[in-house]
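Read the figures in this text as sums done on the coordinates, not as results from a lab. Here the structure is a predicted model, which means the values were calculated and not measured. Positions of Cβ are backbone-derived with ideal geometry, glycine not excepted, and every protein chain shown enters the neighbour counts.
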């Protein structure tokens with residue numbers, strides 16, 4: 001059925017890069033006295049894709065809606081987690097057709113925790129969705145920018161693509177335009193050199209392309225791409241809802257100008273949630289095809305698939321023997337870095353090798369939980385330093401997203417200029433995979449006959 005539909009659709013898009021699913025929880029959240037949005041689940045979405053001849057779709061979780069400052073939600077973070085998990089479970093019903101992206105408000109205290117959690121979930125680890133308008137992110141607010149920078153940096157570290165609705169809140173009349181786009185270009189894109197960034201709605205919101213502030217923002221990004229700015233090397237743009245059936249000739253010409261500035265090879269088709277008055281995927285593509293683009297340009301856009309939607313879900317978590325060997329080597333290298341940082345007295349670098357919720361079990365001491373407490377523990381007092389620290393693994397067992405490492409260590413140092421050691425001891429570490437790297441999650445050790453450590 002799908003392939004017959006593709007023949008009938010004439011150059012139908014390979015992928016829809018901007019879809020949403022709406023389940024009972026979100027219907028309840030958005031319900032008013034006059035009702036709520038209709039439900040759209042994975043089977044319904046796949047049926048719409050089939051009717052349009054579209055092979056696959058990126059499903060952007062709407063969990064970020066719980067974090068909107070316009071509402072107060074009890075147990076907010078629990079509901080965000082549940083919505084992301086529901087979206088992943090729906091996408092998993094059609095693993096060759098649908099891929100889920102994790103959603104959350106980047107200004108919330110739980111943002112980095114949810115990013116890390118999603119990064120460990122095979123169904124959510126490929127991408128995150130950020131909605132600056134819904135979250136009321138204002139890039140010219142230094143506190144907001146600092147929080148968003150943390151999220152971008154963490155997404156890059158975990159190799160999770162970012163889909164971002166850049167348009168600032170219209171209902172709150174937040175400033176938006178060229179100035180905010182320059183902040184995005186100069187302060188955020190340099191933090192994500194290793195991952196795709198998909199700008200939704202050509203930096204606007206849709207439907208249509210009649211919002212001058214959005215075009216001003218898009219112009220900054222388009223000009224940067226056109227002049228070969230290296231910060232835009234992995235920048236993509238989706239055209240979701242920007243070409244509505246009633247678009248004026250002037251707006252259509254302006255829209256096509258921006259598409260050609262960035263190059264059709266960077267343009268991704270998308271159609272948005274199939275609810276209400278939104279165009280369905282087939283009708284949305286028909287409206288887009290009426291733009292004054294050439295057949296070859298339309299064909300290229302139809303064939304484009306973002307890298308965050310290309311990778312097979314079956315390869316998301318490698319489990320081959322060769323990969324086990326590579327993971328063991330990576331863990332040994334991280335252990336070497338830990339020892340080197342200890343000798344340098346760099347508690348920050350040591351702490352970065354732990355998960356955010358890591359726990360230490362020092363000898364004859366209470367457990368120590370969390371990065372702040374761990375950093376304090378590894379910060380040596382004045383007059384003390386470590387001059388030698390060596391970890392000697394005796395076994396590293398890889399088990400999916402965890403690794404079990406045990407062995408011995410040797411340590412020596414100085415107290416107020418007086419040398420001590422070397423001393424020996426034993427250790428056990430449970431490592432946890434976070435994105436493409438490993439971090440220590442549980443760390444326990446004890447000394448040999450002599451006291452080990454300062």
Length added when fully stretched, residue 372-residue 41, from 0.36 nm per residue minus Cα-Cα: 115.0 nm
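Before anything else, pin down the relative contact order of the chain: Cα pairs under 8 Å, at least 6 apart, normalised by residue count, whole percent.
Relative contact order for the chain comes out at 12 percent.
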query: What is the fewest-to-most order of 74, 79 by other Cβ atoms lying within 10 Å of their Cβ?
result: 74, 79
Centre separation in Å (Cα based) which lies between the stretch 363-379 and the stretch 399-434: 14 Å
message: Taking R0 as 30 Å, what FRET efficiency do you get between residue 399 and residue 340 from their Cβ-Cβ distance, rounded to the nearest 0.05?
response: 0.65
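Of 288, 338, how do they rank once you tally other Cβ atoms within 10 Å and put the fewest first? Before the final figure, lay out the partial values.
On the way: 288 26, 338 20.
Listed from fewest to most nearby Cβ atoms, that is 338, 288.
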Residues of the stretch 154-175 with amide N under 18 Å of the 7 Å Cα→Cβ point at residue 141: 165-175
- line: Using alpha carbon centers only, the stretch 47-101 is separated from the stretch 256-275 by a whole-angstrom value of 21 Å
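Determine, for 108, 129, the number of other Cβ atoms within 10 Å of each Cβ, and report the residues in order from fewest to most.
Values: 108 19, 129 27.
Least to most surrounded, the residues fall as 108, 129.
Rounded to whole Å and ordered largest first, report the semi-axes of the equivalent ellipsoid of the chain derived from its Cα gyration tensor (root of 5λ).
Working: eigenvalues 438, 105, 87 Å².
Equivalent ellipsoid semi-axes, largest first: 47, 23, 21 Å.
Can you say what percent of the DSSP beta bridges in the chain, counting only those with both residues inside, are antiparallel? Round to 5.
Details: 41 of 67 bridges.
Within the chain, antiparallel bridges account for around 60 percent of the total.
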- request: With a Förster radius of 30 Å, plug the Cβ-Cβ distance of residue 419 and residue 194 into 1/(1 + (r/R0)^6) and report the FRET value to the nearest 0.05.
  value: 0.10
statement: Between residue 173 and residue 380, the two model label points (7 Å from Cα along the beta-carbon direction) sit apart by a distance in nm of 5.9 nm
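Assuming R0 = 60 Å, can you tell me the calculated FRET efficiency for the pair residue 390 and residue 226, based on Cβ-Cβ distance, to the nearest 0.05? Can you show the working numbers first?
On the way: r = 53 Å, r/R0 = 0.88.
Once rounded, the FRET efficiency stands at 0.70.
Got the relative contact order for the stretch 1-104 handy, in percent, Cα pairs under 8 Å and 6 or more residues apart?
Relative contact order comes out at 31 percent.
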